[in-house]
Amino acid sequence: QVQLAESGGGLVQAGGSLRLSCAASGGSISVYTMGWFRQAPGKEREFVAAITRTGGSIVNADSVKGRFTISRDNAKNTVYLQMNSLKPEDTAVYYCAADTTGWRIVFPGYEYEYWGQGTQVTVSS
């Protein structure tokens, strides 16, 4: 039903910033918990951040606390990930995902029903 499309990735130097966007189509995400995940080559998929439907609850992975900020604009059917103070270890494909339960934040990727195709983030040293 819902299709998610990430954008905003690219190549940046360490210490720089990027803002990722996740635009939804085919249905509203306003009642879904939304999450960001990432996967680097040769590594497992990693939880990054999640936000409940109205933004009342936010959880960030320890590895990105103080540097990344997840937000959403339900009127635009879009979720964002502001990434500051980027490090080479942040290099990965970043995925947007939707949990249709809608009231909670969960960490396992398999709990999320809809996924985008991903956007590449590369941080050079």
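The values are calculated or read from the model by the stated rules, or taken from the named source; none is laboratory data. No experiment lies behind these values; they were computed from the predicted model shown. Counting neighbours? That spans all protein chains shown, and the Cβs are built from the backbone with ideal geometry, glycine included. What goes into the accessible areas is simple: the full protein's heavy atoms, side chains included, and nothing from ligands, DNA or RNA. Shrake-Rupley method; radii C 1.70, N 1.55, O 1.52, S 1.80 Å.
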> So is D90 over 16 Å from S7 (Cβ atoms) and either of a type in the set (D, E, K, R) or buried (at least 19 other Cβ atoms within 10 Å of the Cβ) (or both) or not?
Replying inline: yes
> Considering region 101-125 alone, what residues qualify as being open to solvent by 40 Å² or more (accessible area, probe 1.4 Å) and part of a loop (DSSP other than H, G, I, E, B)?
Replying inline: T101, W103, R104, F107, P108, E113, Q117, S125
> Just to be sure, is Q13 within 15 Å of G116 (Cβ to Cβ) and either over 11 Å from the mean Cα position of the chain (by Cα) or of a type in the set (K, R) (or both)?
Replying inline: no
> Do you know which residues across region 85-112 are within 19 Å of I58 (Cα to Cα), of a type outside the set (A, V, I, L, M, F, W, C) and under 14 Å from the mean Cα position of the chain (by Cα)?
Replying inline: Y94, Y95, D99, P108, G109, Y112
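For the condition farther than 20 Å from E89 by Cβ and in contact (Cβ under 8 Å) with a residue 60 or more places away in the chain, what is the one hit in A23, A5, A50, A14?
From the options A23, A5, A50, A14, the qualifying one is A5.
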> Given the structure, is F107 of a type in the set (F, W, Y) and modelled with pLDDT under 95?
Replying inline: yes
> Pairs under 9 Å by beta carbon, first residue more than 15 Å from N84 (Cα to Cα) in region 55-66, partner of a type in the set (G, A, S) and surrounded by fewer than 16 Cβ atoms within 10 Å (Cβ to Cβ), six or more apart or different chains?
Replying inline: G55/S71; I58/S71
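State all residues of region 88-100 that are of a type in the set (D, E) and either part of a loop (DSSP other than H, G, I, E, B) or touching a strand residue (DSSP E or B) at 6+ places or on another chain (Cβ under 6 Å) (or both); if no residue qualifies, say none.
Within region 88-100, D90, D99 meet the criteria.
Among V79, V31, V64, which is buried (at least 21 other Cβ atoms within 10 Å of the Cβ) and part of a loop (DSSP other than H, G, I, E, B)?
After ruling out the rest, the residue left standing is V64.
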> Could we say that R45 is in contact with a Phe, Trp or Tyr (Cβ under 7 Å, 6 or more places away or on another chain) and open to solvent by 70 Å² or more (accessible area, probe 1.4 Å) here?
Replying inline: yes
> Quick check, is S85 among the polar types (S, T, N, Q) and assigned to a strand (DSSP E or B)?
Replying inline: no
